[in-house]
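For reference, the structure discussed in these notes is given below.
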Amino acid sequence: MTYAELPTATLDLAAIRARHTLMLLGRLWQGDRARVDLARELGLSRSAIGSIVAELMDAGLVQEAGQRGAVRSSGRGEGGPVGRRATLLALNTRAVFLLAVDLGASHVRVDLLDLRCAPLASRTVAHDILLGPAATYARLTELTCAVLAEAGVERDRVAAVGAGVPGPVDHATGCVVQPPNMPGWDGENVAAGLERVLGLPTRVDNDANLGALAETRFGAHRGAADLIYVKAATGIGAGVLLGGRLHRGVRGGAGEIGHISINEQGPVGRSGNPGSLESYAAGQVLVRTAAERRAAGVPTTLPDPVTLADLIERANTDPLAREVWAEAGHHLGVAISTALNLFNPSAVVIGGRLAGAGEVFLNAVRESALSRTMRINAGGTRIDLSTLGGDAGVLGAGAMLLDHLFTPGGLRHLYRVAAVGRGPPRTPAALPTVPTALPFSLGGTP
């Protein structure tokens, strides 16, 4: 080998080592395993596993977690001699922490998560997004300080911040682009704004995209490679997962299902498009529809003035509420049928505040969507309400962060943050010095 060949060979070996390290961490993220299990599952020698485990333990990312029952020696069957008990290894879920931000039209939420996205502290407050970026960043700073104080975690032990926003996000720049439900935010770089006030690396995406990540990682359709998550609330958007990866389009605007025209001659919605789905089925439209029909004399037990909370609470009991939700489900189903015929997913999951209306809403969606979908695209497709409820946003933000941290560049960052308060671990010299993306993740997408 010539000197000219050495750097390439070194990089290749480093990339292989990084890949094996991340594969091992991925297995431990799923659950505890012994070294012999890891060697078998990853197809690596016990010495290679031992070397990687030693490095990760030194970094504080992996720890021993007791022993499991004795195992039998290989090749002897049930009657063979009993071997020694295997020591289990576990991901140290509190080696570093994650901050998840859920920014809605009328609320903000901040959760502190561990490495499996289990919440350690959470704060949610009412907040009008129309107050603009400065007021929103100030409130998020207060909530961040509150969750860190409650959990007793120093800021420098947080690896990153993940945030979801209710509007289109340019994936390359992190800027919000002409958000119909966020006046005053056009062009705002939310990632840069949060990094400035929180002092932590930040990633931002559309809230519906994060909902899709949450569903495929933590929801009832866990592991689904082709899934559409529809967030129906003040606005309506979709996160589209194809082949296990988020489909964002060229800039990040894919999935804006709320702005599909379902009636060319219909009313103009917030996006300015005539007959858009949001002009028929967004939260504030449903409230206005209910108020107008009450005034026209439709029988109802709804209070005056009616609120969206009232409509949700009485969705299955009040005749006017049932009528409003059945129509909203019908309109949403028309738009979903388009998505089914385009993408043929295994599941469509409906989340957001409107999902709280329950069966009357869901049944109308199913009937409308499936009756308009080709048989090849309707068969085998489930349309369900999300089981994650209001946690979808923060869980999706956590999933997004994991997908970026479990890369070679992210792994170096994990080593640095995990070392806070422990002293520096041995330098992981075998890791690449460039954040090369790997075709491996914990179930979400980069």
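Please determine, in degrees from 0 to 90 and to the nearest 10, the orientation of helix 283-295 with respect to the longest principal axis defined by the Cα atoms of the chain, where the helix direction is its Cα long axis.
Approximately 20 degrees, to the nearest 10.
Of 352, 225, 240, which is farthest on the positive side of the dipole of segment 220-387, counting Cα position, with +1 on Lys and Arg Cβ, -1 on Asp and Glu Cβ, and the Cα centre as origin?
Farthest towards the positive end: 225.
Once the Cα atoms of helix 46-59 and of the chain are each reduced to a long axis, what angle between those two axes, in degrees from 0 to 90 to the nearest 10, is obtained?
70 degrees
Sort 324-332, 114-122 for me by packing, meaning the mean count of neighbouring Cβ atoms within 10 Å per residue, highest on top. Don't skip to the answer; put the middle values down first.
Details: 324-332: 23.9, 114-122: 18.7.
Going from most to least packed, we get 324-332, 114-122.
How much FRET efficiency would the formula 1/(1 + (r/R0)^6) give for residue 154 and residue 130, where r is the Cβ-Cβ distance and R0 is 45 Å, rounded to 0.05?
Numbers: r = 34 Å, r/R0 = 0.76.
The calculated FRET efficiency here is 0.85.
How would you order 226-232, 192-198 from highest to lowest mean count of nearby Cβ atoms within 10 Å?
Working: 226-232: 28.1, 192-198: 17.9.
Going by the mean number of other Cβ atoms within 10 Å, highest first, we get 226-232, 192-198.
To the nearest 20 debye, what charge dipole does segment 220-387 have about its Cα centre, counting +1 at the Cβ of each Lys and Arg and -1 at the Cβ of each Asp and Glu? Each step should come with its number before you reach the end.
Details: 16 positive and 14 negative charges, 109 e Å.
Approximately 520 debye in magnitude.
Looking at segment 220-387, send over the antiparallel percent of its DSSP beta bridges, to the nearest 5. Don't skip to the answer; put the middle values down first.
Numbers: 10 of 19 bridges.
Close to 55 percent.
Go ahead and run the numbers for FRET between residue 48 and residue 323, Cβ-Cβ distance against an R0 of 56 Å, rounding to 0.05.
Working: r = 64 Å, r/R0 = 1.15.
Taking R0 as 56 Å, the efficiency between residue 48 and residue 323 is 0.30.
Can you tell me the Rg and Dmax of segment 327-420, counting just the alpha carbons, in angstroms?
Considering segment 327-420 through its Cα atoms, Rg and Dmax are 18.4, 57 Å.
Please report the antiparallel percentage of DSSP beta bridges with both residues in the chain, rounded to the nearest 5.
On the way: 33 of 53 bridges.
Antiparallel bridges make up about 60 percent of those DSSP assigns within the chain.
Would you work out the charge dipole size for the chain about its Cα centre, treating the Cβ of every Lys and Arg as +1 and the Cβ of every Asp and Glu as -1, and quote it to the nearest 20 debye? Please report the intermediate quantities before stating the final value.
Working: 42 positive and 40 negative charges, 334 e Å.
Dipole magnitude for the chain comes out near 1600 debye.
Can you compute the modelled spin-label distance between residue 192 and residue 304, with each label point 7 Å from Cα toward Cβ, in nm?
For residue 192 paired with residue 304, the spin-label model returns 5.2 nm.
Using unit Cβ charges (K, R positive; D, E negative) and no other charged atoms, how large, in debye to the nearest 20, is the dipole of segment 98-226 about its Cα centre?
Values: 10 positive and 16 negative charges, 54 e Å.
My answer is approximately 260 debye.
If you take the beta carbon distance between residue 87 and residue 12 as r and set R0 to 45 Å, what does 1/(1 + (r/R0)^6) give as a FRET efficiency, to the nearest 0.05?
Details: r = 32 Å, r/R0 = 0.71.
For R0 = 45 Å, the calculated efficiency reads 0.90.
Go through 363, 66, 272 and say which Cα lies farthest out towards the positive end of the charge dipole of the chain; charges sit on Cβ, +1 for Lys and Arg, -1 for Asp and Glu.
Highest projection toward the positive end goes to 66.
Given the -39500 (n - 2.57) contribution per DSSP H run of 4+ residues, what per-residue ellipticity at 222 nm results for the chain, rounded to the nearest 500 deg cm²/dmol?
On the way: 14 runs with 177 residues, N = 446.
Result for the chain, helices only: -12500 deg cm²/dmol.
What does the convex hull of the Cα atoms of the chain come to per residue, in Å³, rounded to a whole number? Write down the numbers at each step before the final one.
Working: hull volume 87.1 nm³, N = 446.
Hull volume over Cα atoms, normalised by residue count, gives 195 Å³.
Would you mind checking the tilt of helix 359-371 against the longest principal axis of the Cα atoms of the chain, expressed as 0 to 90 degrees and rounded to 10?
Once rounded, the angle reads 90 degrees.
Every number here is computed from the coordinates shown, using simple stated rules; none is lab data. From a predicted model like this one, the values you see are computed outputs, not experimental measurements. Cβ atoms come from the backbone with ideal geometry, glycine included; neighbour counts cover every protein chain shown.
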